[in-house]
Amino acid sequence: MNYRHGYHAGNFADVVKHVALVAILLHLRKKDAAFAVIDSHAGRGIYDLAGAEAAKTGEAQTGIARLAGLSGDLPEALSTYLSLVKETGNNSYPGSPLITAKLLRPQDRLTAIEKHPEEFAALAQLLAPYRNSVAEQADGYARAIKLLPPPSRRGAVLMDPPFESPDEFSALAQAVREATRKFASGVFLVWYPIKSQADADAFVGEVLAGGIAKAMVLDTRVAAPGAKLGRAGLLVVNPPYGFGAQMRDVARLVAPCLGGDIATAWIAGSE
Ligand SMILES: C[S@@+](CC[C@H](N)C(=O)[O-])C[C@H]1O[C@@H](n2cnc3c(N)ncnc32)[C@H](O)[C@@H]1O
């Protein structure tokens with residue numbers, strides 16, 4: 001476990017993933033009924049953009065920093081995301097568990113799972129003041145699947161593994177299939193790097209073969225020098241009503257800031 005998200009926090013992929021997460025959470029908040037969020041690979045929850053890890057890659061400079069000029073009448077998910085980043089503080093960037101913890105209502109629950117001891121310790125400390133959010137140190141896939149379906153029977157699951165291991169795609173596809181089988185009505189947000197179109201297609205195909213009726217993908221490409229990752233996918237199973245349209249509005253504003261392209265496409269079912 002060498003991966004540290006601090007090197008990548010606030011990069012183009014985080015921006016799109018976190019706006020999508022906010023869009024899903026805002027949708028779940030529209031009904032009073034409680035919802036649960038399970039974040040299988042949560043990270044430490046907050047990142048220092050002035051620290052050594054961020055400075056080494058400079059990825060936030062070509063990610064969140066490029067959104068500084070956005071203002072005016074923005075899609076709600078984008079404006080909420082930008083406010084959350086701003087309130088996290090200068091040179092700090094919120095990870096998925098902090099974004100989620102801040103958007104929960106008293107009746108909602110977050111379980112944030114992280115395996116790395118130091119990242120987990122930081123996460124547990126960060127979430128301690130949030131009474132309906134809990135950090136657990138465990139293997140993300142196994143624990144997330146065990147927690148499904150949540151008692152509230154409403155909610156979202158974020159799967160955002162580090163892709164350190166060569167068989168991560170197949171482990172992720174298996175986990176998504178098992179998780180969607182146990183919680184068929186849940187919203188699933190699944191992140192993956194796209195280094196090869198064939199690998200990405202095979203992954204999505206393997207998930208769909210599990211019998212998913214409604215899903216879309218977001219495909220973000222940016223110019224990336226050298227060996228840096230320049231393309232990432234988000235698979236969204238059971239996207240909420242209006243999610244695709246909202247993300248297309250987000251894409252029109254955000255893609256030019258990132259100097260790239262964000263494409264959305266239904267791969268199973270439709271609105
Ligand atoms: C991409 S980062 C997560 C970023 C976070 N979801 C966010 O958006 O802010 C992946 C995280 O998974 C953790 N991790 C690695 N192996 C794990 C495992 N088997 N179970 C749970 N977490 C794991 C890493 O330590 C790292 O913090």
Legend entry - Solvent exposure of the chain as accessible area per residue, Å², 1.4 Å probe: 44
Inset, instruction - At most 12 other Cβ atoms within 10 Å and a DSSP loop assignment: could you name the GluC sites (Glu not before Pro) in segment 83-192 that fit? - result: 164
Legend entry - Selection from 33, 63, 83 lying farthest towards where the dipole of segment 12-111 points positive, charges on Cβ: 33
Inset, instruction - Keeping every protein chain in place, order 253, 189 by accessible area at 1.4 Å, biggest value first, i.e. largest first. - result: 253, 189
Legend entry - Dipole magnitude of segment 146-224 about its Cα centre (Cβ charges: Lys, Arg +1; Asp, Glu -1), debye to nearest 20: 540
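Take the solvent-accessible surface of the protein heavy atoms, probe 1.4 Å, and return the percent of it on segment 5-268 that carbon and sulfur atoms account for.
Percent of accessible area from carbon and sulfur atoms in segment 5-268: 51.
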Inset, instruction - Any of 86/115; 86/228; 182/228; 56/115; 31/56; 86/146 with alpha carbons more than 31 Å apart? Name them for me. - result: 182/228; 31/56; 86/146
Inset, instruction - Figure the gain on full extension for residue 178 and residue 33 (residue separation times 0.36 nm, minus the Cα-Cα span) and round it to one decimal in nm. - result: 49.7 nm
Inset, instruction - List every DSSP H helix in the chain whose Cα atoms extend 20 Å or more along the helix's own long axis and whose mean Kyte-Doolittle hydropathy is at least -1.0. - result: 12-28, 168-182, 243-258
Legend entry - Antiparallel bridge percentage (DSSP; both residues within the chain; nearest 5): 60
Inset, instruction - Sort out the exposed loop trypsin sites (Lys or Arg not before Pro) in the chain (DSSP loop, at most 11 other Cβ within 10 Å) and tell me the longest stretch that has none. - result: 132-271
Legend entry - Positive dipole terminus of segment 114-178, leading residue within 170, 133, 150 (C-beta point charges): 150
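Charges only on Cβ, +1 for Lys and Arg, -1 for Asp and Glu: so what's the dipole of the chain about the Cα centre, in debye to the nearest 20?
Numbers: 28 positive and 27 negative charges, 131 e Å.
With only Lys, Arg, Asp and Glu charged at Cβ, the dipole is about 640 debye.
The values are calculated or read from the model by the stated rules, or taken from the named source; none is laboratory data. Predicted, not measured: the structure shown is a model, and the values here were computed from it. Quick reminder, even Gly has a Cβ in these numbers, built from the backbone with ideal geometry, and neighbours come from all protein chains shown. These accessible areas exclude ligands, DNA and RNA; they are computed on the full protein's heavy atoms, side chains included. Shrake-Rupley method; radii C 1.70, N 1.55, O 1.52, S 1.80 Å.
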